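*Asks:* Sharing a structure here in structure tokens format.
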Amino acid sequence: MPSSPLLALPLELRTQIYTYVLTAPKGRIELVKASSRSSDGVVRYKILSPTSDGGCAILLSFLRTCKQLHAETHNLLWKHNKLHLSSVLSPPREGVIPPLPPSITTNIRSLALEIDPTFHKTLSSHLLFTHNLSLLTSWIHSGSLTSLTLICTSVSSRAHLTPRQLEKLIHHRLHPVHKLTYYEYLDALKLSTDPKSALSTINRKFVIDTGPCTPSSPSLSSPSLSSPSLRPRPLAGNPMPMLGEIARAWGGQLQVNDRLAFWDGEGVEDVFLVQEEEEGEGEGKKKKWFFRDEVDFWLVSEVVKEFEEENGDYEEELYMRGYLAGLERRERRDFCRWGYQSAIEGRRRVCGFRRIEGGEDEGVDVDD
């Protein structure tokens, strides 16, 4: 039998080919039940790479071509991909992690699990999330799991946590009844920082993503880049005390909209800004809290508008409006940092925006 041209290549080149074949486009894989079971009745799963049209299976059949190929490739799938468990929860998005075959649980290296800290569901009188976290702890003991990401979401949301849902979470934390659920989740998260827990030995991340930072995408026919629709909407309360609690409980990284807000409970990057405005004579100052990205997008739009008005070039203003609105979050952030950072910082001061200091008030009115 002639030798394989693939196996004739140097191992380094073969590994590059294997990695290309086995790595999902965004490094995200999911599991779905196969239509058939194994001969002993065990549920089989297909590994999918999610796409906009429903997902495509990663073909693993070539791993069984020969012993050499299997030996060289069987760990690469788990090394270069993160398994998202939301697709196998029962019921979907809010249920229990089902029994998975050892071929999966012992080889997984990186996992992501969605949680909704406002959703109260129990299993044998314990919070369902606590049950799932205990199961994942057993995978650490018996397998190769080294990274766990918790994605804060809403059971009613399909893509991400909206700003309104974040406000709901801020409100629930202080509500006399709803806070009981929030603090149950917090107690479960604290297991990860217990030196006796296996969770404390792996990399941990807590992710909050509220979607695009543009308050509302401006129309290209809009007469002004600084139209009222671009003004950021304030949040109904200060999110930092809550985020600080979660960061100290979970440890590791806490990331908000691609910004590293906390690392091991310590603040790193400003994700939110506070604005202070005079309410009236003798009434002191009123505070409002905003996403930093939304504030910066609005302020850079003001800078561009004034520059183009001075030069009388309104067509250029229209072009810049469309260009800014079309950028991804990180691209717009880089654009602001490298081209307009000093101007943005000056306008922040003029408009009364500043970073949120530790120990500031919650700014939330909670009804019974």
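*Asks:* Filter the stretch 194-206 for residues that are in contact with a Leu (Cβ under 8 Å, 6 or more places away or on another chain) and without any contact (Cβ under 8 Å) to a residue 60 or more places away in the chain and give the result.
*Replies:* Selection gives ASN203, ARG204, LYS205, PHE206.
*Asks:* Filter the stretch 12-22 for residues that are farther than 15 Å from LYS46 by Cα and either aliphatic (A, V, I, L, M) or touching a Lys or Arg at 6+ places or on another chain (Cβ under 9 Å) (or both) and give the result.
*Replies:* LEU13, ILE17, THR19, VAL21
*Asks:* For the stretch 247-301, how many residues meet the condition of being touching a strand residue (DSSP E or B) at 6+ places or on another chain (Cβ under 6 Å), part of a loop (DSSP other than H, G, I, E, B) and modelled with pLDDT of 90 or more?
*Replies:* 6
*Asks:* Just to verify a result, which residue in the stretch 166-175, among those that are surrounded by 19 or more Cβ atoms within 10 Å (Cβ to Cβ) and either aliphatic (A, V, I, L, M) or within 16 Å of the chain's Cα centre (by Cα) (or both), is nearest to LEU260 (Cα to Cα)?
*Replies:* LEU166
Per-residue answers, yes or no, for (1) out of contact with any Ser or Thr (no Cβ under 9 Å at 6 or more places or on another chain); (2) surrounded by fewer than 17 Cβ atoms within 10 Å (Cβ to Cβ):
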site	(1), (2)
ASN81	no, no
LEU89	yes, no
ILE108	no, no
LYS121	yes, yes
THR137	no, no
THR146	no, yes
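*Asks:* Residues in the stretch 57-73 that are of a type in the set (D, E, K, R) and in a loop (DSSP other than H, G, I, E, B): how many?
*Replies:* Residues that pass the stated criteria total 0.
*Asks:* Does HIS172 count as more than 16 Å from GLU114 (Cα to Cα) and either without any contact (Cβ under 8 Å) to a residue 24 or more places away in the chain or touching a Ser or Thr at 6+ places or on another chain (Cβ under 8 Å) (or both)?
*Replies:* yes
*Asks:* Only one of LEU11, LEU63, LEU31 is crowded, with 17+ Cβ neighbours inside 10 Å and modelled with pLDDT of 85 or more. Can you tell me which?
*Replies:* After ruling out the rest, the residue left standing is LEU31.
*Asks:* Need the failing condition index for CYS336 against (1) modelled with pLDDT of 85 or more; (2) surrounded by 17 or more Cβ atoms within 10 Å (Cβ to Cβ), just the number.
*Replies:* For CYS336, the failing item is (1).
*Asks:* In addition: Can you say whether GLY244 is assigned to a helix (DSSP H, G or I) and buried (at least 16 other Cβ atoms within 10 Å of the Cβ), as far as the supplied structure shows?
*Replies:* yes
*Asks:* Here's something else I'd like to know. Answer yes if at least one residue in the stretch 183-192 is touching a residue at least 24 places away in the same chain (Cβ under 8 Å) and part of a loop (DSSP other than H, G, I, E, B), and no otherwise.
*Replies:* no
*Asks:* In the stretch 307-318, which residues are exposed (fewer than 14 other Cβ atoms within 10 Å of the Cβ) and at pLDDT 70 or above?
*Replies:* GLU309, GLU310, ASN311
*Asks:* Here is a further query. If HIS178 meets every condition in (1) under 22 Å from the mean Cα position of the chain (by Cα); (2) over 19 Å from LEU254 (Cα atoms) apart from one, which number is that one?
*Replies:* Status for HIS178: all satisfied but (1).
*Asks:* Can you find a residue in the stretch 109-116 that is among the small types (Gly, Ala, Ser), modelled with pLDDT of 85 or more and within 30 Å of SER3 (Cβ to Cβ)?
*Replies:* No, because not a single residue in the stretch 109-116 is among the small types (Gly, Ala, Ser), modelled with pLDDT of 85 or more and within 30 Å of SER3 (Cβ to Cβ).
*Asks:* Would you mention how many residues in the stretch 136-154 are closer than 15 Å to SER192 by Cβ and over 19 Å from the mean Cα position of the chain (by Cα)?
*Replies:* The total comes to 7.
*Asks:* For the stretch 74-89, how many residues are out of contact with any helix residue (DSSP H, G or I) (no Cβ under 9 Å at 6 or more places or on another chain) and either over 29 Å from ASP116 (Cβ atoms) or in a loop (DSSP other than H, G, I, E, B) (or both)?
*Replies:* Total satisfying the criteria: 1.
*Asks:* Also, I was wondering about something else. Filter the stretch 12-33 down to residues that are basic (Lys, Arg) and touching a strand residue (DSSP E or B) at 6+ places or on another chain (Cβ under 7 Å) and give me whichever is farthest from LYS79 (Cα to Cα).
*Replies:* LYS33
The values are calculated or read from the model by the stated rules, or taken from the named source; none is laboratory data. Just so it is clear, the model here is predicted, and its values are computed rather than measured. Methodologically, a virtual Cβ is constructed for each residue, glycine included, from the backbone with ideal geometry; neighbour enumeration extends over all protein chains shown.
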